[in-house]
Every structure is written in structure tokens, then in C-alpha cells.
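Asker: I am attaching a structure below and will ask some questions about it afterwards.
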Amino acid sequence: FDTLVPVVLEQKVTTIEARYSWKYLVAKYGSPAPGPAPAGMMLAPSPAQWRRIPSWDWHRAGVDPKRSAPILRACAVAAGLDRLAALPPGAGLAARLCSVPGIGPWSAAEIAQRTHGDPDSVSVGDFHLAAFVGYALTGRRTDDAGMLGLLEPWRGHRQRVVRMLGLSGVRKQAFGPRLAPQDHRFH
């Protein structure tokens, strides 16, 4: 559950927007870290605390209902989600994660990468990943199916290959201006 929340906050927004949402919600609804800890360090809210966040604070955090609803649904099954830690990575884990409405293949792959260190879980559906992998391996952009085809020789280690490509310094050609995150809260 603790990994699912930040992954859902990252759905369909920029990293900057997702981090702002996380920081805002944890600062406002989290609990102070126990023991000797740096001043201001907070623990993420518990499932019960996430459920008490009013809709206007989700909005202030920049989280739309399509992202807050899966988090609230996951709160209801948080104990079951935490038991998934005992499962091995793979299709069974992904299917169980996807049983929560609002958690799809991209989210399930991201969760498995972070919780299980899944070496083969590729984030299909990521806005930039397929084009990046295609460019890094062939010099041309590709789609998700093309990316999976390119990564097939490394089945069992596809996520590791993607991570190594990300660390390689290869950058795909950028087209057009960068997306400027828009804040609709005060308009």
C-alpha cells in the first residue's frame, strides 16, 4: 500500500506535479517520524488517514478524482495489498494489483519494480519509455509493442535493461516545447 500511493499520484502527470502532490499530502496528513529524526520529517499517512482527506485537499494537492479514487479504493483493501509482498514477482502479482480499479499494467509494473525489485517488469504505457528504448536501441522511436519486441532477447531482465539504458546517458531527440505544468486550482 505504501508504494501504491506514490505510483498512483504519478499517473498521467509530470514528475514535478506528482512530487508536489505527495509532499503536500504527507506534510498535511502524515504523522511526525518517531525517535530521533530530522525536524519536519513525516511518515506517510496510514490507510485510515488517507481516507479522511477531504476532496478539496486532494484538489489543492493537484490530484484529480481519477487518481484519488484508486487510492481511496486501495485503502479499503490495504491489508490484502500488503500481503502481496509474499508473492513472487510476475503475472500473478500484476493481476492481483490490477484487481483494484484504477490500477492498470503501468501502475502494477511500477509497484512490482519498487516493492519486489522485479527485474522483468516493464512499464508498458509510459508516455516516454517506448520512444526512449526504441531510440536507444535502434536510433528510431517505437511504440509499446515495438519496445517489448526489442527487449525480448532480455526476457527475465527487461527492466534491468531499461534501467541500464536510462543510466547510459542516451537521450532521445526532443520535439517541440517542454510541457509546462498548469495549475487550475485558482482559476
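The values are calculated or read from the model by the stated rules, or taken from the named source; none is laboratory data. No experiment lies behind these values; they were computed from the predicted model shown. For neighbour counting, all protein chains shown are included, and Cβ atoms are generated from backbone atoms with ideal geometry for every residue, glycine included. Surface areas here come from the heavy atoms of the whole protein model, side chains and all, with no ligands, DNA or RNA. Shrake-Rupley method; radii C 1.70, N 1.55, O 1.52, S 1.80 Å.
Asker: Give me the pairs, please: first residue somewhere in segment 18-43 and touching a residue at least 12 places away in the same chain (Cβ under 8 Å), second residue anywhere and open to solvent by 70 Å² or more (accessible area, probe 1.4 Å) and part of a strand (DSSP E or B), beta-carbon distance under 6 Å, and either six or more positions apart or on two chains.
Answerer: That search, which allows pairs on different chains as well, returns Gly30/Leu43; Ser31/Leu43.
Asker: Given the conditions (1) among the hydrophobic types (A, V, I, L, M, F, W, C); (2) under 19 Å from the mean Cα position of the chain (by Cα); (3) assigned to a helix (DSSP H, G or I), and given that Leu151 satisfies all but one, which numbered condition is not satisfied?
Answerer: It fails just one condition, (2).
Asker: Inside segment 112-148, can you point out the residues that are in a helix (DSSP H, G or I) and either under 21 Å from Gly92 (Cβ atoms) or open to solvent by 50 Å² or more (accessible area, probe 1.4 Å) (or both)? Even if it seems obvious, please write down each step before you answer.
Answerer: Narrowing segment 112-148 to residues in a helix (DSSP H, G or I): 112-116, 129-138, 144-148.
Ala112, Gln113, Arg114, Thr115, His116, Tyr135, Leu137, Thr138, Ala145, Leu148, listed by residue number.
Asker: Does segment 164-185 include one or more residues that are in a loop (DSSP other than H, G, I, E, B), in contact with a His (Cβ under 7 Å, 6 or more places away or on another chain), under 28 Å from Trp58 (Cα atoms) and modelled with pLDDT under 95? Step through it out loud before you land on a result.
Answerer: As a first pass, look at segment 164-185 and keep what is in a loop (DSSP other than H, G, I, E, B): 168-185.
This time we only want the ones that are in contact with a His (Cβ under 7 Å, 6 or more places away or on another chain), so: 185.
With under 28 Å from Trp58 (Cα atoms) added as a condition, the list becomes 185.
Next, from what is left, pick out any that are modelled with pLDDT under 95: 185.
Within segment 164-185, one or more residues are in a loop (DSSP other than H, G, I, E, B), in contact with a His (Cβ under 7 Å, 6 or more places away or on another chain), under 28 Å from Trp58 (Cα atoms) and modelled with pLDDT under 95.
Asker: Name the residues in segment 73-95 that are part of a helix (DSSP H, G or I) and either open to solvent by less than 60 Å² (accessible area, probe 1.4 Å) or not hydrophobic (A, V, I, L, M, F, W, C) (or both), would you?
Answerer: Within segment 73-95, the first condition is being part of a helix (DSSP H, G or I), and the residues that meet it are 73-76, 78-86, 91-95.
Scanning segment 73-95 gives Arg73, Ala74, Cys75, Ala78, Gly80, Leu81, Asp82, Arg83, Leu84, Gly92, Leu93, Ala94.
Asker: Follow-up. Cβ-Cβ below 9 Å, separation at least six or inter-chain, first residue in segment 167-187 and polar (S, T, N, Q) and loosely packed, with under 10 Cβ neighbours inside 10 Å, second at pLDDT 65 or above and in a loop (DSSP other than H, G, I, E, B): which pairs?
Answerer: Close Cβ pairs (under 9 Å, with a partner that is at pLDDT 65 or above and in a loop (DSSP other than H, G, I, E, B)) amount to Gln173/Arg141.
Asker: Scan Leu72, Leu97 and give me the residue that is out of contact with any Lys or Arg (no Cβ under 7 Å at 6 or more places or on another chain) and either touching a residue at least 12 places away in the same chain (Cβ under 8 Å) or not acidic (Asp, Glu) (or both).
Answerer: Values: Leu72 fails: out of contact with any Lys or Arg (no Cβ under 7 Å at 6 or more places or on another chain).
Answer to the check: Leu97.
Asker: Just one of (1) without any contact (Cβ under 8 Å) to a residue 40 or more places away in the chain; (2) over 14 Å from Ala112 (Cβ atoms); (3) open to solvent by 40 Å² or more (accessible area, probe 1.4 Å) trips up Trp58, so point out which.
Answerer: The single condition Trp58 does not satisfy is (3).
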